[in-house]
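What follows is a single structure, and I will ask about it in a moment.
FYI, it's all coordinate maths here, none of it is from the lab. Fair warning: this is a prediction, and the values are worked out from it, not measured in the lab. In this analysis, Cβ positions are derived from the backbone assuming ideal geometry, glycine residues included, and neighbour counts consider all displayed protein chains.
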Amino acid sequence: MTPPRLTGWLLALPGLIFVAVFLVLPLARTLSEGGVNLSVWADPYFQGRLWWTLAQAGVTTLAALLVGVPLAFLLSRFEVRGKALFLRLLLLPFVTPTLVAVLGLSALLGPQGWVTKLTGVDLSDTPVLLLLGNLFFNLPVMVRLGYAGFARVPVNAVGAARSLGASAWRAALGVALPLALPGVLAGAVLVFLYSALSFGLPLALGGERYGTLEVEIYTLTALQLRLSEASALIVGQLLLTLVATAAYVRLSSGGVGVAAGGLPGARGGAQAALLGLGALVMLVCFAPLLAVVVRGVLGSGGPTLAYWQAVLADPDTPLLAWNTVRFGLLALLGAGLLGGLYALGAWRAQSRVLDLISLLPLMVSPVSLAVGYLLAFPALAATLPMLIAAYTLLALPLV
């Protein structure tokens, strides 16, 4: 009889081979092409990019903790009408294309944005837009993972503290938070990782002044062909994300108690806090999406369908729609098959190494991978198989 650990590794083997071919090999090709010029880290300019990358990710994480953790706790302790729908809707910002978020934030807070015109305050030359973009994508991650952590805390543990004279907030901070801490910290690590490795948002909203390491890697590789300097930045970024991802794998395995049930309704201060925090999360996570929808039907003279009519009349629209659907379905098929086998194997093997490997696509710069694909597989450039392989790789950790 085959040992469970060996069976697990055999089930994960197709996924491991896929990651080796389409992640490790291209990345190694990028790093070996021009060598790794580590002296780049002595340059104050690149040091500044590193510190800004860490700072904006840290501020985003702190804001997500301050808003997301109290809301997650309250949602886990009280019965709230529409809670299940709210938690499901929070998936929407996470899967929204970056360009849609950029368009929505620009429509609200850009130089010609509606909020900018109303208040006269232009935030386009500040890091505020970038930080709000980070929160748009990552605040839902914090709320959902925090809620999962608090939901595993037994209700009677908090009730026992209250019966011994602890106030509601003291019971929350002294009993519930320590028990839910692994899930909360795992969420914080993911928010930090996603914010630090973001490319589209800092490129579009940060500009030259607030570009991150990922933007700098793109500039050095795609625009200036300075691969040795870019490789040094990639290595530094990999070390940073490896530590953070290892912490996430360790924390995400924690958990106590069972899911809460028979929850009371929120009253008084708890109800007010739920409404206030929930409204803030809705504003940050859904106002940009609503702005995109409104902009699509609102012209200078009022409501209009002219934009939609132009899109439908464009002869390229059917091809674009077909490409979107088939790329998504093919990536779903690949990631579902490889990721499903891998997940079953990781569960059978109970291996943190497999858990860590599964998250590697989140740790690597997409820009450096794209350059690696061109260097390692030149014959497959601009082909459907290469595109689907890249999409599948990005979806693999989610599966």
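At 4 °C and 1.567 mPa s, what whole-number value in µm²/s does Stokes-Einstein give for the translational diffusion of the stretch 270-395, with Rh from the Kirkwood sum over Cα pairs? Kindly include the intermediate steps, with their values, before the conclusion.
Numbers: Rh = 19.2 Å.
Translational D for this selection: 67 µm²/s.
Please give the peptides 340-349, 278-287 ranked by average Cβ packing (other Cβ atoms within 10 Å per residue), highest first, as a rough proxy for protection. Spell out each step's value before the answer.
Values: 340-349: 18.9, 278-287: 16.2.
Highest-to-lowest ranking by the protection proxy: 340-349, 278-287.
Kyte-Doolittle cut-off -0.5, length cut-off 30 Å along the helix's own axis using Cα: show which whole DSSP H helices in the chain pass.
Numbers: long enough: 44-77 (48 Å, 0.92); 128-151 (33 Å, 1.56); 227-252 (35 Å, 1.37); 268-297 (40 Å, 1.94); 317-349 (46 Å, 1.05).
Span-like helices here: 44-77, 128-151, 227-252, 268-297, 317-349.
Looking only at Cα atoms, what is the convex hull volume of the stretch 174-227 per residue, in Å³?
Details: hull volume 5.4 nm³, N = 54.
Expressed per residue, the convex hull around the Cα atoms of the stretch 174-227 is 100 Å³.
Hey, fewest Cβ within 10 Å first, where do Arg77, Arg209 land in order? Provide the component values of the computation, followed by the final result.
Numbers: Arg77 23, Arg209 9.
With the fewest neighbours first, Arg77, Arg209 line up as Arg209, Arg77.
What is the sum of charges, Lys and Arg at +1 and Asp and Glu at -1, for the other residues whose Cβ falls under 15 Å from the Cβ of Leu242? Can you show the working numbers first?
On the way: positive: Arg250, Arg352; negative: Asp355.
Summing Lys/Arg as +1 and Asp/Glu as -1 gives +1.
Once the convex hull of the alpha carbons of the stretch 1-130 is built, what does its volume come to per residue, in cubic angstrom?
Numbers: hull volume 33.9 nm³, N = 130.
Spread over its residues, the Cα hull of the stretch 1-130 gives 261 Å³ apiece.
OK, next. Around Thr126, what is the net charge, scoring Lys/Arg as +1 and Asp/Glu as -1 over all other residues with Cβ under 15 Å from its Cβ? Write down the numbers at each step before the final one.
On the way: positive: Arg209; negative: Asp122, Asp125, Glu208.
Net charge around Thr126: -2.
Using a Förster radius of 41 Å, what is the FRET efficiency between Leu25 and Ala321 based on their Cβ-Cβ separation? Nearest 0.05, please. Kindly include the intermediate steps, with their values, before the conclusion.
Details: r = 33 Å, r/R0 = 0.81.
About 0.80, to the nearest 0.05.
Val95: net charge of surrounding residues, Cβ under 15 Å, Lys/Arg +1, Asp/Glu -1, itself excluded?
Result for the neighbourhood of Val95: +2.
So for the chain, averaging the separation of alpha carbon pairs under 8 Å that are six or more residues apart and normalising by length, what relative contact order in percent results? Could you put the intermediate results ahead of the total?
Details: 482 pairs, mean separation 124.6, N = 399.
Computed over the chain, the figure is 31 percent.
How long, wide and thick is the chain, going by the Cα atoms along their three principal axes, in whole angstroms, largest first?
74, 69, 48
Given the stretch 288-329 reduced to its alpha-carbon atoms as identical point scatterers, what log10 I(q)/I(0) does the Debye formula return at q = 0.31, 0.33 Å⁻¹?
Debye output, listed in q order: -0.93, -0.97.
Test of understanding: ordering Asp355, Asp316, Asp122 by Cβ neighbours within 10 Å, fewest first, what list do you get? Intermediate values should be presented prior to the final figure.
Details: Asp355 20, Asp316 9, Asp122 15.
Exposure proxy ranking, most exposed first: Asp316, Asp122, Asp355.
Taking the Cα centre of the chain as origin and charging only Cβ (+1 Lys, Arg; -1 Asp, Glu), how large is the dipole, in debye to the nearest 20?
Values: 20 positive and 12 negative charges, 289 e Å.
Dipole magnitude for the chain comes out near 1380 debye.
Going by Cα centres, the stretch 274-338 and the stretch 95-112 are how many Å apart?
What the calculation gives is 11 Å, centre to centre.
Order 22-31, 5-14 from most to least packed using the mean count of other Cβ atoms within 10 Å. Before the final figure, lay out the partial values.
Details: 22-31: 19.7, 5-14: 16.5.
Answer by packing, highest mean first, reads 22-31, 5-14.
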